[in-house]
Amino acid sequence: MLHSSAFTPGALLTGRRALVTGGAAGIGAAIAHAFAAHGADVLVADIAPRAPLDFDPGAGGAITTVEFDVRTGTADLLLAHEPDILVNNVGHYLRPPHLFADNTVELWRELHEINLGHVLRLTHAVLPGITERGRGGSIINLTTVEAHRAIPGHTVYSAYNAALTQFTRSLAAEVGPAGIRVNAIAPDLIETVQVPYADLVPEEDLPLWPTWSPLGGPGQPEDVAGAALFLASGLSRFVTGTTIHVDGGTNANGGWSPRSSGGWTNRPRNP
């Protein structure tokens, strides 16, 4: 008889407790609501918390929000939730683009804190509790397709996310014996507040989506939430140290092209 979670009916996260950073909007909110819909008790930590969106409470899940800045907040506020699922969702490339030669040390520090430093601190704070409770757990780090390819004008952002990818792999090897899985999700072409493709792509260019991504686009936060739900649940009990690319295929198929007017684009108008 098969005993895998894949063959067990019902909610996937019943009895689990999750902590999602930056979960008040966009990808983080979609992840929080997917987890709650599958029975998890979710704590959303966000610099600007909002009222939770509607979700199906039939599975017994819940969402609580707390105001928290990952760059400066102390984890004590969050540890009382006793999470066994941690989603390090916060990250940003800080527009506009900056050529590396024009960078400042202050910019490097800001990029470090928003993309890598807080992940190290929060994961370090949460790990002992997950280990001591002995129920296993899942740590999910949100990175970007640019951890795996170039992004001219955002060199340091790309470097920190590549470091986060390697942190994911190495930590997975360390904590696997405790039943803790560590994985990453690398989105691209997802409609979010940070990257609003509905505003960025003019109507006359909409037919070009199939040339930018094998699956067209743009993707939605719910697409990323589906991957996170898989990684948080028992469906991925034998998956660790890897990255799921939720990008419509751009990591496999695409890259950056120079504009004749200067700069670069990953959405060429004349492919």
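The values are calculated or read from the model by the stated rules, or taken from the named source; none is laboratory data. What you see is a predicted model; the values in this text were computed from it and never measured. For neighbour counting, all protein chains shown are included, and Cβ atoms are generated from backbone atoms with ideal geometry for every residue, glycine included.
A few comments on the model shown:
Yes or no, residue by residue, for (1) assigned to a loop (DSSP other than H, G, I, E, B); (2) surrounded by 22 or more Cβ atoms within 10 Å (Cβ to Cβ); (3) touching a residue at least 40 places away in the same chain (Cβ under 8 Å); (4) in contact with an Asp or Glu (Cβ under 8 Å, 6 or more places away or on another chain):
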residue	(1), (2), (3), (4)
GLN194	yes, no, yes, no
ALA198	no, no, no, yes
ASP205	no, no, yes, no
TRP209	no, no, no, no
GLY216	yes, no, no, no
VAL224	no, yes, yes, no
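Quick grid of which residues meet (1) at pLDDT 95 or above; (2) closer than 30 Å to PHE100 by Cα:
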site: ARG169; (1), (2): yes, yes
site: VAL182; (1), (2): yes, no
site: ILE185; (1), (2): yes, yes
site: ALA198; (1), (2): no, yes
site: GLY219; (1), (2): yes, yes
site: ALA227; (1), (2): yes, no
site: ALA232; (1), (2): yes, no
site: THR243; (1), (2): yes, yes
site: ASN251; (1), (2): no, yes
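- One residue stands out among those in the range 105-127 that are free of Cβ contacts under 8 Å to residues at least 40 places away in the same chain and closer than 24 Å to ASP46 by Cβ: the one that is surrounded by the most Cβ atoms within 10 Å (Cβ to Cβ), which is GLU110.
- Of all residues in the range 15-27 being in contact (Cβ under 8 Å) with a residue 40 or more places away in the chain and either within 12 Å of ILE85 (Cα to Cα) or in contact with a Leu (Cβ under 8 Å, 6 or more places away or on another chain) (or both), the one that is surrounded by the fewest Cβ atoms within 10 Å (Cβ to Cβ): ARG17
- Restricting attention to the range 128-170, the residues that are assigned to a loop (DSSP other than H, G, I, E, B) and in contact (Cβ under 8 Å) with a residue 60 or more places away in the chain total 8.
- Total residues in the range 227-244, condition surrounded by fewer than 16 Cβ atoms within 10 Å (Cβ to Cβ) and in a helix (DSSP H, G or I): 1
- Long-range neighbours under 6 Å by Cβ, at least six apart or interchain, first residue more than 12 Å from TRP212 (Cβ to Cβ) and part of a strand (DSSP E or B) within the range 245-258, second at pLDDT 80 or above and not aliphatic (A, V, I, L, M): HIS245/ASN251; VAL246/PRO187; VAL246/ASP223
- When ALA184, ALA173 are checked against the criterion of being over 18 Å from the mean Cα position of the chain (by Cα) and either touching a residue at least 60 places away in the same chain (Cβ under 8 Å) or not in a helix (DSSP H, G or I) (or both), ALA173 stands alone in meeting it.
- A residue that is of a type in the set (Lys, Arg) and at pLDDT 95 or above occurs nowhere in the range 144-167.
- The range 71-85, subset of a type in the set (D, E, K, R) and under 19 Å from the mean Cα position of the chain (by Cα), residue surrounded by the most Cβ atoms within 10 Å (Cβ to Cβ): ASP84
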